[in-house]
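Novice: The structure under discussion is supplied below as C-alpha cells; questions concerning it will follow.
The values are calculated or read from the model by the stated rules, or taken from the named source; none is laboratory data. Everything quoted here is computed from the prediction, not taken from an experiment. Heads up, the Cβs are rebuilt from the backbone with ideal geometry, glycines too, and the neighbour counts pull from every protein chain shown. Just so you know, the surface numbers come from the protein's heavy atoms only, side chains and all, with ligands and any DNA or RNA stripped out. Shrake-Rupley method; radii C 1.70, N 1.55, O 1.52, S 1.80 Å.
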Amino acid sequence: MTLKGKRLLLGITGGVAAYKAAQLARLLVKEGADVRVAMTEAATRFVTPVTLQALTGQTAWTDLWDARVPDNMGHIELSRDRELIVVAPASADFLGKLAAGLAGDLLSTLCLARRCPLMAAPAMNVEMWENAAMQRNLHTLRGDGVFFAGPAAGDQACGEVGMGRMFEPEEIVAEIEAFFQPKLLAGKRVLVTAGPTEELIDPVRAITNLSSGKMGYAVARAACEAGAKVTLVSGPVALATPAGVERVDVKSAEQMFETVKKAAPASDVFIAVAAVADYRVKNRAAQKIKKGAGAMTLELAENPDILAWVAAMKNAPFCVGFAAESEKLAQNAKAKRAKKGIPLLAANLAQRALGAEDNEITLFDDRGEHALGRAPKLELARKLIAHIAAMLAGAKRARAKA
Ligand code: CTP
C-alpha cells in the first residue's frame, strides 16, 4: 500500500478519458489512499457519480450548491484537508479555466481555493494540445507550480494520433507515488549507469550479458523522485526513460566510460548499476566472420573499470557500486567494496535478480551490513536512495564538526 492514508481529491473533468478515472480511483483506493471525488458537470456525461461513489466508498461531489457540506462552503471545505488534488482527465477547457483563475463550478472553485499542491493529467486531441492558447496556458500553469502527469503520444479516441492521450491510470498512480517521496536528494546531481554493455565481435555479433536494466532504471527513477537531477547512462535495453531523467544511450563499455568521464566531475553521487562487460574483443572483425572449419578462438582485452576510475578521481562523487554475485554474497561484496575503494555497495545474488521484477539486496558500508529484504526493484531503489541520503547527511555533519 504505497499511498496508505494519503488524503487525495480526485477531480474528473469532461473527456472520453473520464472512463479511465474510474480505474484510477480504484487503484488509488487499493493503494490505501482516502479518495474524495469532485466531478464537473461535463464529466458526469461520461461516467456517473454513482460509479465513483461505489469505487471510493465516499460521496462523489458534483454541485457547488450542494447543501450537505458543512456551512455550505463546499468550494473550500472539500479541499482543505487534502494533501494533493489530482485532476484526471484534465480537459483543455478545465486547464484554461485553471490558468485564468476562473471558479465557476465546484471543481475549479476547489482548485482555486486550495492550500495543497495540484497535479493534472491532461487529455485532449492533438491539435488542441498543440494549440498556441493551450501551450500558453500550460506555461502559465507550470509557472504557478502545477505538476503534470503526461500526456502521452499515441492513438486518440477521435481517431487521430499524437500528443494528448491521458496517461494510463497505473502511470498516474506512479506519478502520485513519486510526488509523495521525501525530497532527500534535492539539489544533488546523480549519475547512474544501467543495463548491459554490448561488445562487438563483428558487425552482426556481440558479447553481452543478461542484465535487463530494470534495477538501474529503478534507481534513476528513485533518485529523480527524491528531487535529484539525474543523468542515466544506459546500455541497450528495452525500457522507457523514467520521467524527468536525462538519458544518454551507449553500447560498449568504452562508450559508457567516455560518457561517465564527462559527466562525473559535475556529479555529487555516482551509482554504478550497469553490468559492464569486463572484456571486449581485441581484434574486432570489420566484416561478418564466415563460418570456418571447427572451433574458433576470440582474443579478449580487459575493459576499463568505470566505477574504480570514478572512485579514484580527485574530488570524486559519492560512489555506490552494485555487485551481482552467484555465491558467497557477503564475502565477495566486502572484498569488492574494498577493492573499488567505495563507501557503499549494494549486493544481490544474480540468479535471483536478472530480468526479474523483484530483487533482494544487502547494503555494505563502513558500519556493516544492512539487509533491505526482498521487494520490487523500485521499492529497493527508494530504500537505497534513503540510505545514500543518510550517509551524505552524516558526512556533512562530520565535516561541520571537524
Ligand atoms: N563496474 C564498472 N566497470 C566495469 C565493471 C564493473 O563500473 N568494467 C561496476 C558495476 O557497474 C558495479 C560494480 O562495478 O557497480 C561491480 O560490478 P561486477 O561485475 O559485480 O564486478 P567486477 O568488478 O566486474 O568483478 P567480477 O566480475 O570479478 O565479480
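Novice: Taking the Cα centre of the stretch 189-401 as origin, work out the dipole magnitude from +1 charges on Lys and Arg Cβ and -1 charges on Asp and Glu Cβ, in debye rounded to 20. List each step's numbers first, then the result.
Specialist: Working: 32 positive and 22 negative charges, 89 e Å.
My answer is approximately 420 debye.
Novice: Please state, as a whole number in µm²/s, the translational diffusion coefficient that the Stokes-Einstein equation yields for the stretch 189-401 at 4 °C and 1.567 mPa s, with Rh defined as the Kirkwood radius across alpha carbon pairs. Kindly include the intermediate steps, with their values, before the conclusion.
Specialist: Numbers: Rh = 17.8 Å.
For the chosen part, D equals 73 µm²/s.
Novice: If amide hydrogens are placed 1.01 Å from N in the peptide plane, which non-local residues have theirs closer than 5 Å to the one on residue 120?
Specialist: Here the answer is 87, 147, 148, 149, since their amide H atoms fall under 5 Å of that of residue 120.
Novice: While we're here: Within the stretch 265-285, whose backbone N sits under 18 Å from a point 7 Å along Cα→Cβ of residue 239?
Specialist: The answer is 270-277, whose backbone nitrogens lie closer than 18 Å to the label point.
Novice: Hey, what number do you get for the chain at 222 nm if only DSSP H runs of n ≥ 4 count, each worth -39500 (n - 2.57), divided across all residues, to the nearest 500? Walk me through the intermediate numbers first.
Specialist: Values: 14 runs with 143 residues, N = 402.
Helix-only estimate at 222 nm: -10500 deg cm²/dmol.
Novice: Just the ratio, please: alpha-carbon radius of gyration of the stretch 69-142 over 2.2 N^0.38 Å, N its number of residues. Before the final figure, lay out each step's value.
Specialist: Working: Rg = 13.0 Å, N = 74, 2.2 N^0.38 = 11.3 Å.
Cα-based Rg divided by the globular estimate yields 1.15.
Novice: Now a separate question. Could you name the lysines in cross-link range of residue 290, using Cα to Cα under 26 Å and dropping any fewer than eight places away on the same chain?
Specialist: 251, 282
Novice: Here's a follow-up. Please work out the average accessible area per residue across the chain, using the 1.4 Å probe convention, and give it in Å².
Specialist: Values: 19660 Å² over 402 residues.
About 49 Å² of surface per residue is accessible.
Novice: Sorted from largest to smallest, which semi-axis lengths in Å does the alpha carbon gyration tensor of the stretch 236-339 give for its equivalent ellipsoid, taking the root of 5 times each eigenvalue?
Specialist: 29, 20, 15
Novice: Using only Cα atoms, tell me the angle between helix 253-263 and the longest principal axis of the chain; keep it within 0 to 90° and round to the nearest 10.
Specialist: Computed tilt is about 60 degrees.
Novice: Counting only GluC sites (Glu not before Pro) that sit in a DSSP loop (anything but H, G, I, E, B) with at most 14 other Cβ atoms within 10 Å, what is the longest stretch of the chain containing none of them? Show your work: numbers first, answer last.
Specialist: Values: sites that count: 41, 160, 299, 327, 357.
My reading of the result: 161-298 is the longest stretch.
Novice: Compute the whole-percent fraction of alpha carbon pairs in the stretch 1-157 spaced more than 24 Å apart. Mind dumping the intermediate values first?
Specialist: Working: 3402 of 12246 pairs.
When every Cα pair of the stretch 1-157 is considered, 28 percent fall beyond 24 Å.
Novice: Too long at a 22 Å Cα-Cα cut-off: which of 214/396; 339/383; 183/383? Display every interim value, and only then the final one.
Specialist: Numbers: 214/396 31 Å; 339/383 25 Å; 183/383 13 Å.
Over 22 Å apart, Cα to Cα: 214/396; 339/383.
Novice: What Kirkwood hydrodynamic radius, in Å, does the chain give when the mean of 1/r is taken over all pairs of distinct Cα atoms and then inverted?
Specialist: Details: mean 1/r = 0.0422 Å⁻¹.
Evaluated over the chain, this radius sits at 23.7 Å.
Novice: Roughly how tilted is helix 18-30, in degrees to the nearest 10 and between 0 and 90, from the longest Cα axis of the chain?
Specialist: Helix 18-30 sits at roughly 70 degrees to that axis.
Novice: What size of dipole, in debye to the nearest 20, comes out for the chain about its Cα centre when the only charges are +1 on Lys and Arg C-beta atoms and -1 on Asp and Glu C-beta atoms?
Specialist: 1520
Novice: Keeping the other protein chains in place, figure out the carbon and sulfur percent of the accessible area of the chain, with a 1.4 Å probe.
Specialist: Working: 10300 of 19660 Å².
Whole-percent figure for carbon plus sulfur exposure: 52.
Novice: Tell me which of 310, 250, 272 sits at the most positive position along the dipole axis of the chain, charges placed on C-beta atoms (Lys, Arg +1; Asp, Glu -1).
Specialist: 310
Novice: Quick check: residue separation of residue 31 and residue 375 times 0.36 nm, minus the Cα distance between them. What number comes out in nm? The partial results should precede the final answer.
Specialist: Working: separation 344, 0.36 × 344 = 123.84 nm, distance 1.60 nm.
So the extension gain works out to 122.2 nm.
Novice: Once Lys and Arg get +1 and Asp and Glu get -1 on their Cβ, which of 220, 145, 67 lies farthest toward the positive end of the dipole of the chain?
Specialist: Checked the options; the winner is 220.
Novice: Tell me, Kirkwood radius of the stretch 278-383 from alpha-carbon pair distances, in Å? List each step's numbers first, then the result.
Specialist: Values: mean 1/r = 0.0611 Å⁻¹.
Final number for the Kirkwood radius of the stretch 278-383 is 16.4 Å.
Novice: What is the stretch 1-50 by shape, rounded, prolate or oblate, if you read a ≥ b ≥ c off the alpha carbon gyration tensor as root eigenvalues and call it rounded for a/c under 1.5, prolate for a/b larger than b/c, and oblate otherwise? Could the numbers behind the result be given before it?
Specialist: On the way: a/c = 3.01, a/b = 2.10, b/c = 1.44.
Here the stretch 1-50 falls in the prolate category.
Novice: Mind checking which aspartates and glutamates have their C-alpha under 14 Å from residue 229, skipping anything on the same chain fewer than 8 residues away?
Specialist: 246, 268
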